[in-house]
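Each value in this text was obtained by applying a stated rule to the coordinates, not by laboratory testing. Model, not experiment: these values are computed from the prediction. All Cβ positions, even for glycine, are placed from backbone atoms using ideal geometry, and neighbour counts span all protein chains on display.
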Amino acid sequence: MSLIKNSILYLISTILVKATTFFLLPVYSYMVSPEEYGYVYIVAASTQLLMLLMQLSTQVCISRFLFDCKNNDEVKLLYSTVVITAVVFSTLIFVVVWLCGDTIANVINLPLKYFRLACLIPYIGLFYNLILSLLYARQDAKKVSLTSSTIGIINIVIQVILVYEMEDKAMALIISMLVNSIITFLIFLFYSYPYFVFKYDYSRIKSYLYYAISQIPSDLSAWLVSFTDRIVINKYIGPAETGIYGIGSTIGNIPSVVYTSMNQAYVPYAYSNFKLIEKSDNTAHNNIVNTTEILSGIVIMLITLFVIFSNNIVCLFSSSYASSSFIVVVMLIASLFDIFRIIYMQPLCFNVKFTKIKSAIWLFSGIINMGLNFLVIPKYGIYGGCLTSLVTYIVTFFLLLYFSKKAIPLSYRWINVWKVVIISIIMFPLIFLGNSMLVFILKATAYLSYIVLCDKILKLNIKNKIISHVKFFSYKH
């Protein structure tokens, strides 16, 4: 029950913020040019990379080693050690990157004024991830959801004001990122007070660093897979095409953003069951298998929804972004394999002995993706970039799945998942019917029938659950 409850809380907070952000995108498309959006997406890619390097993946130590803490004092010592380590490494990286700013900005074809902000944003904002990791691991869903929603709403308000008032729309969006980092840093200070002590665990820092550093190749490779395409497009084709590609990718990655929020509830649930599986607990094994099957089916249903309505979504944007339609569909399918990767690689994350293998797989994927981007994008442009991403995510998923079953032997049931996949593929041609209101109603009717059929296959009992919840709230009021 805690998995469902926490997932719903995380999902509501994500939808509240991300849905508002998504509805603003069509409005922004008439105010922000593709070129300006291109610079924003390059800044976003740069901040993600710098966040990764400054953070040194230390946040994963909290998620993993919290389960080994025997009391609250050990939790405080773990958290304080990770925070102090992050402060030292992030400061060193920040100084080096800031001093080399001119050269780096020139290489990635980004104005220096934007790059300077790209350095500040992760340096200030990375600490929020540390307290989030602790709150997620402690399954404090209410606090996380309320905080994330509040921060998101404040950031949206600030962003709208800046975009409306400032002439440089790219600068407006980038400054809103910086303001968000400052707000999250203040939240980090407030929430860290009960957990932070001025102590450093020298006896375990070696284990923490080993685990954290072992994650860096996979995290770095994940960045290469997610952002190399934008860097290469900006370098060889220009910021305008980068903006169009970025919009298409943003829409296509919405399901991944939605699932990532739910995954924060799934990880503690999965790790708890993995510990029991190590003790040969068959109930825990069945729990993971059943949950994985249901999650997989729901993800496929979500992707199918976005695919068949993708042309309707793109029509909401300015005509200057019309060429992003193909990008949206391909990136939606890529998101499916990206989410599957997150779901099925958890045994590799849990079993410390397999972290090297996970890192090796992501390193291989990152290198392949980067190489393909440099070969394909100069010839085929943004269309080659999204196809490269799709191929990379497919290869990565199957490699991770293979070794994941070796980390923790799990007998997944694929028959129902494949049934949902086949029905979804049958639904995909609806995208070619057009954008009229009549076609929209036809799509909606077909999708509802599709949901009913998938519900029977996965045995979700959606109708009965909705009725029971309605009766519960009716009785309560």
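At-a-glance table
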| read-out | value |
| --- | --- |
| Paramagnetic label zone (point 7 Å from Cα along Cα-to-C-beta, Ala446; backbone N under 19 Å) in segment 260-301 | 300-301 |
| Protection proxy ranking of 49-58, 421-430, 306-315, 155-164 - average other beta-carbon atoms within 10 Å, highest first | 49-58, 306-315, 155-164, 421-430 |
| DSSP loop GluC sites (Glu not before Pro) with at most 14 other Cβ within 10 Å excluded, longest remaining stretch of the chain | 279-477 |
| Volume in Å³ per residue [convex hull over Cα atoms, computed for segment 319-376] | 91 Å³ |
| Share of Cα-Cα pairs in segment 244-289 lying beyond 13 Å, as whole percent | 64 percent |
| DSSP H segments from the chain that extend 20 Å or more along their own axis, Cα-based, with Kyte-Doolittle mean of 0.5 or above | 2-29, 34-55, 72-99, 112-137, 141-165, 169-192, 282-308, 325-344, 355-407, 437-458 |
| Residue-averaged 222 nm ellipticity for the chain, from DSSP H runs of 4+ at -39500 (n - 2.57), nearest 500 | -29000 deg cm²/dmol |
| Length released on extending from Phe428 to Asn416, taking residue separation times 0.36 nm less the Cα-Cα span | 2.4 nm |
| Computed Kirkwood radius, in angstrom, where 1/r is averaged over Cα pairs of the chain | 23.5 Å |
| Whole-number D in µm²/s for segment 186-262 (Stokes-Einstein; Kirkwood sum over Cα pairs; 25 °C, 0.890 mPa s) | 149 µm²/s |
| Exposed trypsin sites (Lys or Arg not before Pro) absent: longest stretch of the chain, with sites in DSSP loops and at most 14 other Cβ within 10 Å deemed exposed | 280-412 |
| Where N is the number of residues in segment 242-330, Cα Rg divided by 2.2 N^0.38 Å | 1.50 |
| Full-extension gain in nm, Ser207 to Lys70, via 0.36 nm per residue minus C-alpha separation | 47.6 nm |
| Two-site label geometry, Val160 and Phe326: point separation in nm, points 7 Å out along Cα→Cβ | 3.6 nm |
